[in-house]
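Chemist: Handing you this structure, nothing more for now.
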Amino acid sequence: MSKIINVAIDGPSGAGKSSLAKAISKSLGYIYVDTGALYRSVALYFIRCGISTSDVEKVVSGLANINLNLIYKDGVQNVILNGENVSALIRTNEVSMGASAVSAIPEVREFLLETQRQLARENSVVMDGRDIGTVILPNADVKIFLTADDKKRAERRYEELRQKDPSVTFEEVYEAMVNRDKNDSTRAVAPAIKADDAVLLDNTNLDERQTLERALEIIRDKAGI
Ligand code: DC
C-alpha cells in the first residue's frame, strides 16, 4: 500500500479552500474532507430544534443527541446527520453564522475531533477547515494557508450566493463574511490562524488553475511525491 499523505488546507471563508481541495483530491486521488460541513450540520441540528447556536449550555447538552457521519459517493462527500443526508441543506447564510457560533464552543470541537482524525489516519486526505494544520493534524505532511484579500473573497462568495438568491447584495455578503472571519480568527479555542509551518498561498491574483498548480508544487516539495 502506498504511504498515507495528509494535506491540510486552512484559511478564511471565500479564499477558495474547497475548490482547491477538490481539485487537489481529483488530481492526486486523495479523499477530500470538508470539515466545515461538520460544524454546519451541528448548527443545522440546533436551528431545527429552535435552540440558539450561541446558547452554550443547551448546545453542549444537546451534542449527545447528534450522530454525524461522512460518507463518500463517487468521490463526493455527503454528511449524514442522524441518518439524514443534509449535504444540500447546510449552505445557507443562517447555517453559516450558526456554524461559526457553535465552532467557538470547545465541547463542539472536541466532539468533532476524532471523526476528522480517523479519516486522516486511514486515508490519504486533503482536508480543509480552520484548524487542520494547528490542531486536528499537527503532523500533516503538507500545510497550506490559503487566503486572498477581503474584497476579492467577498466577490467570490457573492457570485456563488447570487446564483441561489438573486436578491442578495454585495454589501451584506461582505459584512457577513468579515464578521464571520472575525469570530473565527479571534475565538479562544482553535482560532483560524496560520500554523507556523504552513505555507502561505495568497490567491488574490491567481485563478483556480494557477492556484492548483502552485498548491501541487508545494505538495510535491513537502511530501516528496
Ligand atoms: O468552511 P465553512 O465556511 O464551511 O465553515 C463553516 C464554519 O465552521 C466557519 O465559520 C468556522 C467553522 N469551522 C471551524 O471552526 N473549523 C473548521 N475546521 C471548519 C470550519
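The values are calculated or read from the model by the stated rules, or taken from the named source; none is laboratory data. This is a predicted model, so every value here is computed, not measured. We place every Cβ from the backbone using ideal geometry, glycine too, and count neighbours over all the protein chains shown.
Chemist: Quick one: which residue in Leu201, Leu112, Leu146 is part of a helix (DSSP H, G or I) and of a type in the set (A, V, I, L, M)?
Modeler: Leu112
Chemist: Same structure, new question: Which pairs turn up if I take residues in segment 1-25 that are farther than 18 Å from Asn93 by Cα and look for partners that are among the polar types (S, T, N, Q) and in a helix (DSSP H, G or I) with beta carbon separation below 9 Å, at least 6 apart in sequence or on another chain?
Modeler: Every condition considered, the pairs that remain are Val7/Ser25; Ala8/Thr134; Ile9/Ser18; Asp10/Thr134; Ser19/Thr211; Leu20/Thr211; Ala23/Thr211.
Chemist: Residues being surrounded by 14 or more Cβ atoms within 10 Å (Cβ to Cβ) and more than 10 Å from the ligand (Cβ to nearest atom): count how many of those fall in segment 173-195.
Modeler: 7
Chemist: Across segment 149-165, which residue is surrounded by the fewest Cβ atoms within 10 Å (Cβ to Cβ) among those that are in a helix (DSSP H, G or I) and among the acidic types (Asp, Glu)?
Modeler: So, considering only residues that are in a helix (DSSP H, G or I) and among the acidic types (Asp, Glu), the one surrounded by the fewest Cβ atoms within 10 Å (Cβ to Cβ) is Glu159.
Chemist: May I pose another question? Suppose we filter segment 2-56 for residues that are of a type in the set (D, E, K, R) and within 9 Å of the ligand (Cβ to nearest atom); how many remain?
Modeler: So in segment 2-56, the residues of a type in the set (D, E, K, R) come out as 3, 10, 17, 22, 26, 34, 40, 48, 55.
Those left that are additionally within 9 Å of the ligand (Cβ to nearest atom): 10, 17, 34, 40.
Of the residues in that region, 4 qualify.
Chemist: Of these, Val42, Val86, which one is of a type outside the set (Asp, Glu), closer than 15 Å to Glu110 by Cα and modelled with pLDDT of 95 or more?
Modeler: None of the others qualify; the one that does is Val42.
Chemist: Can you find a residue in segment 16-30 that is under 16 Å from Leu113 (Cα atoms) and at pLDDT 95 or above?
Modeler: Among the residues of segment 16-30, not one is under 16 Å from Leu113 (Cα atoms) and at pLDDT 95 or above, which makes the answer no.
Chemist: Within segment 56-85, which residues are surrounded by 13 or more Cβ atoms within 10 Å (Cβ to Cβ), farther than 23 Å from Ser18 by Cβ and out of contact with any helix residue (DSSP H, G or I) (no Cβ under 8 Å at 6 or more places or on another chain)?
Modeler: Within segment 56-85, Val56 is the sole residue that qualifies.
Chemist: Let me ask something else. Looking at Val142, Val95, Val76, which is the one that is within 13 Å of the ligand (Cβ to nearest atom) and out of contact with any His (no Cβ under 8 Å at 6 or more places or on another chain)?
Modeler: Only one candidate qualifies: Val95.
Chemist: All but one of (1) farther than 20 Å from Arg157 by Cβ; (2) away from the ligand (no atom under 13 Å from the Cβ) hold for Ala88, so report the exception by its number.
Modeler: (1)
Chemist: One residue is enough: does segment 100-107 have a residue meeting the conditions of a type in the set (Val, Ile, Thr), surrounded by 14 or more Cβ atoms within 10 Å (Cβ to Cβ), more than 9 Å from the ligand (Cβ to nearest atom) and not in a helix (DSSP H, G or I)?
Modeler: Yes: segment 100-107 contains one or more residues that are of a type in the set (Val, Ile, Thr), surrounded by 14 or more Cβ atoms within 10 Å (Cβ to Cβ), more than 9 Å from the ligand (Cβ to nearest atom) and not in a helix (DSSP H, G or I).
Chemist: Restricting to segment 123-139, and then to whatever is more than 10 Å from the ligand (Cβ to nearest atom) and in a loop (DSSP other than H, G, I, E, B), can you tell me which residue is surrounded by the most Cβ atoms within 10 Å (Cβ to Cβ)?
Modeler: Leu137
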